[in-house]
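Worksheet: the structure to be examined is printed underneath.
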Amino acid sequence: MVELVEEALGGVKLVRTPRFEDERGFFTETWNARAFAAIGIDAAFVQDNHSRSVRAGTVRGLHYQAPPFAQAKLVRVSQGRVMDVAVDARVGSPSYGQHFKAELSADNGLQLFVPAGFLHGFMTLQDECHVQYKVDNYYDRASDGAVRFDDPDLGIEWGLPAANAILSGKDADAPFWREFASPFVWPGE
């Protein structure tokens, strides 16, 4: 049975799947549509992604896909540890501009569900991290965007010094939150 560990910001969910361990290691079902639907995650995932980061302090984010290619994500770490962050970017939302973060690791087995309308990113907390995530919409280059991960208005504490972050050109050139014209609208209650 999938455990809902915590829910925040109108749909972000931290979950854990049961592990069955013995002297050989463990087995876990990382995705089961019926079990996840029972805790309110009923996304129809269409693509799996795998990211490898070689060095601690690597940042990927804060990323989004604009509508109509907006994506919900289910994120997990299969090797290493990361600080995973979701920022509510839905204009009109009571939690607009607020973030939720959690340490995901191969050891703790936690997964983070990030609904469409949220920015998402992570920082690796150790060398050699593998992050895998499912998305419910296909990637579209023209809809791809980012916001600065170290934006002072967002105030995210990443777990390692932001000044030492390893960034892609896209992430280094990303606009700040105050310059970001969100394409997302909160649907209301």
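A few points about this structure:
- Selection within the range 140-155 - exposed (fewer than 13 other Cβ atoms within 10 Å of the Cβ), in a loop (DSSP other than H, G, I, E, B) and out of contact with any helix residue (DSSP H, G or I) (no Cβ under 6 Å at 6 or more places or on another chain): P152, G155
- Complete set of residues in the range 163-182 that are surrounded by 17 or more Cβ atoms within 10 Å (Cβ to Cβ) and not acidic (D, E): A165, L167, A174, W177, F180, S182
- Subset of the range 13-26 [surrounded by 12 or more Cβ atoms within 10 Å (Cβ to Cβ) and touching a residue at least 24 places away in the same chain (Cβ under 8 Å)]: K13, L14, V15, R16, T17
- Counted as qualifying within the range 1-90 are the strands (runs of 3 or more DSSP E) with 2 or more residues that are aliphatic (A, V, I, L, M), namely 3-8, 12-16, 59-65, 73-79, 81-88.
- Candidates G92, G117, filtered to the one that is at positive phi and surrounded by fewer than 18 Cβ atoms within 10 Å (Cβ to Cβ): G92
- Pair list, Cβ < 6 Å and 6+ apart or interchain, from the range 141-156 residues that are under 15 Å from D171 (Cα atoms) and touching a residue at least 24 places away in the same chain (Cβ under 8 Å) to residues that are among the small types (G, A, S) and not in a loop (DSSP other than H, G, I, E, B): F149/G61; F149/G121
- Being in contact with a Leu (Cβ under 6 Å, 6 or more places away or on another chain), modelled with pLDDT of 95 or more, of a type outside the set (S, T, N, Q) and closer than 21 Å to F184 by Cα is a property that holds for V87.
- Candidates A172, A106, A181: the one that is free of Cβ contacts under 8 Å to residues at least 60 places away in the same chain, more than 15 Å from L62 (Cα to Cα) and not polar (S, T, N, Q) is A106.
- Any hit, the range 45-63, residues being crowded, with 16+ Cβ neighbours inside 10 Å, of a type in the set (A, V, I, L, M, F, W, C), free of Cβ contacts under 8 Å to residues at least 60 places away in the same chain and under 22 Å from A146 (Cβ atoms): no
- Test for G10: is it crowded, with 16+ Cβ neighbours inside 10 Å and of a type in the set (G, A, S): yes
- Only one entry in Q126, Q111 is under 19 Å from R55 (Cα atoms), modelled with pLDDT of 95 or more and either touching a strand residue (DSSP E or B) at 6+ places or on another chain (Cβ under 9 Å) or of a type in the set (D, E) (or both), namely Q126.
The values are calculated or read from the model by the stated rules, or taken from the named source; none is laboratory data. These figures come from a predicted structure and were not determined experimentally. Every residue, glycine as well, gets a Cβ built from its backbone with ideal geometry; the counts of neighbours run over all protein chains shown.
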